[in-house]
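Read through the structure below, which is laid out as structure tokens, and then see the notes.
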Amino acid sequence: MRKIIVLLLISTFFLSCSDKKKEIEKTPNFIIIMADDLGYGDISCYGSPHTKTPHIDQLANEGTRFLDFHSNAPVCSPTRAAFMTGKYQQRTGIEGVVTSKKHRDVGLGLKEITIAEELKKYNYNNGIYGKWHLGYSKKYNPMNQGFDDYAGFVSGGIDYHGHIDQEGYLDWWKGTKMENEDGYVTDLITQYGVKFLKENDPKKTNKPFFLYLPHESPHRPYQRRIDRVLREVGKAGTLAVQDSIQSIYREMVEVMDEGVGEIMEALKEIGEYDNTVVIFLSDNGANEYGSNGVLRGFKNEVYEGGSRVPAIISYPGHIKAGIVNDQTVLTMDLLPTVLDLIQKEPTANYIDGISIKNSLLNESDLPERDVFFAYGNLSFVRSGKWKMIRIKEDNGFNYELYDLINDLSEKNNMALENSTLLNTMKNKLLLWEKEVRKGAEIITQ
């Protein structure tokens with residue numbers, strides 16, 4: 001009898017260990033929430049005294065908040081191309097905005113391997129709800145780029161109520177079909193996200209999920225939930241907003257924050273909160289109606305206000321709570337990081353981004369690297385604390401050099417007293433420009 005009891009205890013022990021091992025090895029889900037034109041100082045956990053964002057703040061309290069996270073560009077499309085591919089956007093040919101006026105027949109090349117296509121190889125269910133902005137044509141629809149389900153818009157920004165783009169085209173898709181529906185865009189994105197989570201509970205599907213929620217907020221046109229339609233089908237442009245844009249802007253951000261809270265509640269309801277990596281970030285800095293905090297410049301510019309953005313990553317039980325990360329990270333680093341978190345590597349021939357997994361899980365420093373930026377006539381190279389800016393003007397190039405550790409607001413141009421360093425960084429930028437565009441077909445400039 002005693003022998004039987006001992007055997008039962010041993011059996012129970014090994015079963016328990018086996019269950020724990022399965023729990024440890026459980027494949028994580030991913031949710032990536034991307035705000036549009038949200039500035040470094042636009043949410044309360046980054047110092048906003050006016051905008052209340054308790055749900056985004058809670059993500060920061062439970063995970064890692066980044067101080068030196070950069071969008072790959074100071075505008076929408078290039079950053080999204082870099083996020084989707086893990087590459088500098090120059091390699092994809094999307095260096096500028098895919099506009100609703102001039103670029104209705106081009107988009108992110110189907111030969112590119114997107115983050116959704118990578119995860120699809122490992123049995124993920126993939127959903128995207130919101131702003132695509134990587135191709136207007138059905139050919140470039142996200143359903144052809146690794147996603148299983150899509151609802152949203154393909155342009156840079158639509159009327160929040162009428163769902164009409166800047167050129168007067170209706171722009172609300174369900175899959176590859178144009179199919180408009182009633183609703184305020186921010187709320188619709190959240191509703192679709194919650195629905196996706198409930199329908200793709202891994203306990204029901206036996207598959208992990210990747211949910212991408214690219215919001216329009218707080219991109220123009222500036223509209224509250226209660227506001228009227230500002231655009232008409234067949235007419236380009238937007239009617240003037242009568243009220244204070246700043247107050248509308250804050251409300252738009254706060255509505256998005258409400259949606260983040262609903263997504264987190266849905267995660268908890270399906271029991272996947274502790275098994276989901278949640279990433280919140282912006283696609284570029286704020287324009288003059290938002291706040292980039294102490295940073296100089298705005299969207300479309302080469303200074304920190306154009307590209308240094310709020311970013312938060314939460315993964316309960318894996319990433320320590322309340323961590324502040326000061327490593328230099330770019331949007332293109334997310335693809336290799338996501339794959340590294342499931343112990344996989346990118347399959348594309350060349351990836352510029354690096355995995356920040358060890359920095360997230362162990363608070364270790366990233367390997368030293370130079371990072372580069374180019375948009376139109378604006379370029380910069382970051383090397384440690386130093387940032388060299390190059391601005392192309394009619395009579396040649398203008399160079400500026402800043403020590404970002406001691407001068408985050410870029411007030412003190414140190415180019416004249418650091419000529420050797422300046423020349424070294426000039427050469428680095430020239431070599432990078434030559435290499436990164438080699439063989440690339442320019443789609444937008």
Right, Tyr88: modelled with pLDDT of 95 or more, open to solvent by 10 Å² or more (accessible area, probe 1.4 Å) and closer than 29 Å to Met264 by Cβ or not? no
Checked Arg220, Arg224 against criteria (at pLDDT 95 or above, open to solvent by less than 60 Å² (accessible area, probe 1.4 Å) and within 22 Å of Gly39 (Cα to Cα)); the one match is Arg224
Filter the stretch 349-391 down to residues that are of a type in the set (Phe, Trp, Tyr) and touching a residue at least 60 places away in the same chain (Cβ under 8 Å) and give me whichever is nearest to Thr114 (Cα to Cα). Tyr350
Would you mention how many residues in the stretch 228-248 are in contact (Cβ under 8 Å) with a residue 60 or more places away in the chain and open to solvent by less than 40 Å² (accessible area, probe 1.4 Å)? 3
Residue in the stretch 192-223 that is nearest to Leu281 (Cα to Cα), counting only those that are of a type in the set (S, T, N, Q) and not in a helix (DSSP H, G or I): Ser217
Before we move on, is Tyr160 assigned to a loop (DSSP other than H, G, I, E, B) and of a type outside the set (Asp, Glu)? yes
Is it fair to say Arg2 is surrounded by 22 or more Cβ atoms within 10 Å (Cβ to Cβ), out of contact with any helix residue (DSSP H, G or I) (no Cβ under 6 Å at 6 or more places or on another chain) and modelled with pLDDT of 50 or more? no
List every residue pair whose Cβ atoms sit under 6 Å apart, with the two residues 6 or more apart in sequence or on different chains, where the first one lies in the stretch 181-201 and is at negative phi and the second, anywhere, is of a type in the set (Phe, Trp, Tyr) and at pLDDT 95 or above. Tyr184/Tyr160; Val185/Tyr160; Ile189/Tyr129; Tyr192/Tyr129; Gly193/Tyr129; Asn200/Phe209
Can you tell me which residue is nearest to Glu216 (Cα to Cα) among those in the stretch 44-87 that are hydrophobic (A, V, I, L, M, F, W, C) and in a loop (DSSP other than H, G, I, E, B)? Val75
Given Thr92, Thr79, Thr114, which one is touching a helix residue (DSSP H, G or I) at 6+ places or on another chain (Cβ under 6 Å), farther than 27 Å from Met256 by Cα and touching a residue at least 12 places away in the same chain (Cβ under 8 Å)? Thr92
For the stretch 162-182, the count of residues that are within 24 Å of the chain's Cα centre (by Cα), under 19 Å from Arg231 (Cα atoms) and open to solvent by 30 Å² or more (accessible area, probe 1.4 Å) equals 1
The stretch 371-398, residues that are of a type in the set (D, E, K, R) and open to solvent by less than 50 Å² (accessible area, probe 1.4 Å): Arg382, Lys387, Arg390
Could you list, in sequence order, all residues of the stretch 192-217 that are polar (S, T, N, Q) and open to solvent by 10 Å² or more (accessible area, probe 1.4 Å)? Asn200, Thr205, Asn206
Is one or more of the residues making up the stretch 399-416 farther than 14 Å from Tyr88 by Cα, open to solvent by less than 20 Å² (accessible area, probe 1.4 Å), without any contact (Cβ under 8 Å) to a residue 40 or more places away in the chain and small (Gly, Ala, Ser)? yes
Looking at (1) over 23 Å from Asn200 (Cβ atoms); (2) surrounded by 15 or more Cβ atoms within 10 Å (Cβ to Cβ); (3) out of contact with any Asp or Glu (no Cβ under 8 Å at 6 or more places or on another chain); (4) of a type in the set (Val, Ile, Thr), which is the only condition Ile313 fails? (1)
So which residues in the stretch 256-278 are among the aliphatic types (A, V, I, L, M) and open to solvent by less than 10 Å² (accessible area, probe 1.4 Å)? Met256, Val260, Ile263, Ala266, Leu267, Val277, Val278
Only one residue in Leu360, Leu339, Leu330, Leu295 is open to solvent by less than 20 Å² (accessible area, probe 1.4 Å), closer than 21 Å to Ile94 by Cα, of a type outside the set (Ser, Thr, Tyr) and within 20 Å of the chain's Cα centre (by Cα), so which one is that? Leu330
List pairs: first in the stretch 52-67 and open to solvent by less than 30 Å² (accessible area, probe 1.4 Å), second among the aromatic types (Phe, Trp, Tyr) and modelled with pLDDT of 95 or more, Cβ under 7 Å, 6+ apart or cross-chain? Ile56/Phe280; Leu59/Phe280; Gly63/Tyr315
Kindly check whether there is at least one residue in the stretch 344-351 that is open to solvent by 10 Å² or more (accessible area, probe 1.4 Å) and under 21 Å from Val294 (Cα atoms). no
Residues of the stretch 100-156 being surrounded by fewer than 24 Cβ atoms within 10 Å (Cβ to Cβ) and on the phi > 0 side of the Ramachandran plot, in sequence order, are Asn123, Gly146
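The values are calculated or read from the model by the stated rules, or taken from the named source; none is laboratory data. Treat the numbers as computed from the prediction; the structure is a model and nothing was measured. Glycine gets a Cβ as well: all are built from the backbone with ideal geometry, and neighbour counts include every protein chain shown. Accessible surface areas use protein heavy atoms only, side chains included; no ligands, DNA or RNA. Shrake-Rupley method; radii C 1.70, N 1.55, O 1.52, S 1.80 Å.
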